[in-house]
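Only one structure is covered here, and it is reproduced in the block below.
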C-alpha cells in the first residue's frame with residue numbers, strides 16, 4: 001500500500017478548519033480546493049444558474065473536489081442571511097467577486113467580521129481591490145502581461161506565448177491566496193483579530209518575478225525574452241524535437257551535468273565550447289540535429305537515470321504513467337477520473353481526495369445538520 005493510499009482516510013493538517021466559498025470561477029475555487037485537499041471542511045455556496053464564464057459538467061469539475069455544496073440566492077435577504085449564519089461558524093471565507101459586489105450583497109468583510117471577528121476573509125481578484133483597473137473585467141493573460149511575466153515567455157524572434165492559465169490564475173492567484181489565508185489563520189489562532197486577505201493575480205505574479213528583477217539589476221538578465229540562461233536563450237536549456245515529432249527538455253546548466261549530456265548525446269567531439277557565447281548558435285544546431293536522429297522514446301532510454309538533466313516532454317494524458325510519478329502516486333484515480341493527488345505531502349497528516357466534485361446544492365441538508373445552520377433549509381439538489 002502506498003503512502004497516499006494509507007492516508008486516504010486521514011483528516012489532513014487542516015482538519016477542523018471550516019471554509020465558506022462563495023462560488024466563482026478560476027483561482028478562487030482552486031484555492032478552496034487546495035484547502036479541501038489539506039483537510040478543511042469546505043462548503044461552497046452555489047447560486048441558482050451557476051457562475052458565469054466557462055462551464056464544465058459538475059461531475060468533472062475537479063476544482064470542486066473535497067467540497068460540499070449548498071444552493072443559495074445571495075440576491076435575496078434570506079440567502080445573504082444564511083451565508084452570514086455559515087460565516088458565524090466558519091474560520092475562512094473565500095470570494096472572487098469584483099470589488100464592491102460582496103458588499104452590495106450584504107456579505108462583505110464588514111458584515112462578516114461583525115458576525116465573526118476571528119474570520120479570515122479571503123478576496124481573490126485579478127487587479128486587486130484598489131487602482132484604476134480594479135473594477136474592470138480581465139483574465140489571466142492580461143494580468144501576467146502587465147506584471148511583466150508574459151514578456152519573458154517565447155522565442156527571441158517571436159511573440160510572447162500564453163502559458164495556459166497556470167502562471168497567473170493558479171500560481172500568482174490561487175496559491176498566494178492560500179498562503180495569505182493560512183498566515184492570517186495562524187495569526188487569528190494565536191489570539192489576533194480576523195482580517196481581510198487581498199490576493200490579486202497581478203501582485204502574486206509580480207512577486208514570482210522577484211529573483212529575475214534581482215538578476216536584471218545585477219546585469220545578469222536581459223529584459224528581452226529568449227536571450228537569457230533560463231528563458232530558452234541558452235542552447236543547453238530548452239526543448240528539442242525528436243525524430244518522431246516528440247520533444248526532449250534539456251537543462252544541464254552545471255558543467256559536470258553538461259559534460260555528461262554531450263557525451264550521452266554523442267556530440268562531445270564536435271560541440272563548440274559551452275562558454276563561447278558566439279558559438280551558441282552552432283551548438284544549438286548541433287544539439288538539434290542530433291536529437292532529430294532518434295525518437296523521443298529512444299532518447300528517454302539513453303538519458304534514463306543519468307545526471308544529464310534531460311527529460312521527455314509528456315502530454316497531460318501521458319504524464320500519469322511516468323515511472324517517477326507512478327512511484328510517488330502523483331496522480332490517482334477517484335470517481336473514474338485520473339487527477340493529480342493533493343500536494344505537498346505530510347508525514348503525520350496526509351491530505352487525500354475524500355469527495356468527488358460537489359454538484360451544486362447537493363449537500364444543503366447535510367451541511368445544515370453538520371454546521372447547525374437551520375436557515376439553509378433542505379436545499380434543492382441539481
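Each peptide in 306-314, 156-164 was scored by the mean count of other Cβ atoms within 10 Å over its residues; highest first, the order is 306-314, 156-164.
Size of region 88-243 from its Cα atoms: along the principal axes, largest to smallest, the extents are 61, 36, 33 Å. Computed on region 162-206, the Cα convex hull volume stands at 50 Å³ per residue. Against the chain, whose longest principal axis is taken from its Cα atoms, helix 280-291 shows a tilt of about 80°. Taking every DSSP beta bridge that has both residues in the chain, what percent is antiparallel when rounded to the nearest 5? Roughly 30 percent of the DSSP beta bridges within the chain come out antiparallel.
What nm value, rounded to one decimal, do you get for the distance between residue 327 and residue 244 when each label is placed 7 Å out toward the C-beta? Here the answer is 2.2 nm between the modelled labels. With one equal scatterer per alpha carbon and no solvent term, the Debye-computed log10 I(q)/I(0) for region 289-354 at 0.22, 0.26 1/Å reads -0.99, -1.19. Largest first and in whole Å, the equivalent-ellipsoid semi-axes of region 1-153 read 25, 23, 15, each the square root of five times a Cα gyration tensor eigenvalue.
The mean sequence distance of close C-alpha pairs (under 8 Å, at least 6 residues apart), as a share of the length of the chain, puts its relative contact order at 22 percent. Taking 0.36 nm per residue of separation and subtracting the current Cα-Cα distance, fully stretching the chain between residue 348 and residue 263 would add 26.3 nm.
Taken over the chain, the percentage of Cα pairs per 10 Å bin, counting from 0 up to the bin with the maximum distance, is 5, 20, 26, 23, 15, 8, 3, 0.
Here the Kirkwood formula puts the hydrodynamic radius of region 247-312 at 12.0 Å, using every distinct Cα pair. How far is helix 255-265 tilted, in degrees, relative to the longest principal axis of the Cα atoms in the chain, given as a value from 0 to 90 rounded to the nearest 10? Value to nearest ten degrees: 70. Report note on the peptides 214-224, 36-46, 16-26: ranked by the mean count of other C-beta atoms within 10 Å, highest first, their order is 36-46, 16-26, 214-224. Helix 27-37 and the long axis of the chain differ in direction by around 80°, with both axes built from C-alpha atoms.
Of the Cα atoms belonging to region 171-258, the radius of gyration and Dmax stand at 19.6, 62 Å.
Bear in mind that the values in this text are calculations on the coordinates, not laboratory data. The model shown is predicted, which means the values in this text are computed figures rather than measured ones. Using ideal geometry, Cβ is built from the backbone for each residue, glycine included, and neighbour counts are taken over all protein chains shown.
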